[in-house]
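The values are calculated or read from the model by the stated rules, or taken from the named source; none is laboratory data. Note that the structure is predicted; figures quoted are calculated from it, not measured. Here the Cβ positions follow ideal geometry from the backbone for every residue, glycine too, while neighbour counts run over all protein chains shown.
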């Protein structure tokens, strides 16, 4: 089983062949193929630092759950409520 650690959208993800993961939004259409450079890859106990290219396919785009941001200052009648939904892209790892 091949595995790798990739970096996309400022975050790192541990992935394996055939795995589907949610990453921060990528500007590609559904069904398009993308290449992501790996930081670390390996198979069994054999590890390789960087250099390998990971092939992935964009499965879908979506938005995460709503997060509520609520600010309040006591005794001052100051309240602010704001919601946020993060965009994400779901990708399937084809080949490491």
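Structure notes:
- Of all residues making up the stretch 1-54, the number that are touching a residue at least 60 places away in the same chain (Cβ under 8 Å) and not in a loop (DSSP other than H, G, I, E, B): 11
- Within the stretch 75-84, the presence of a residue that is touching a residue at least 24 places away in the same chain (Cβ under 8 Å), surrounded by fewer than 16 Cβ atoms within 10 Å (Cβ to Cβ) and part of a strand (DSSP E or B) is excluded.
- In the stretch 37-74, of all residues being under 22 Å from residue 11 (Cβ atoms) and out of contact with any strand residue (DSSP E or B) (no Cβ under 7 Å at 6 or more places or on another chain), the one that is surrounded by the most Cβ atoms within 10 Å (Cβ to Cβ) corresponds to 51.
- Residue 34 over 15 Å from residue 4 (Cα atoms), surrounded by 10 or more Cβ atoms within 10 Å (Cβ to Cβ) and at pLDDT 95 or above: yes
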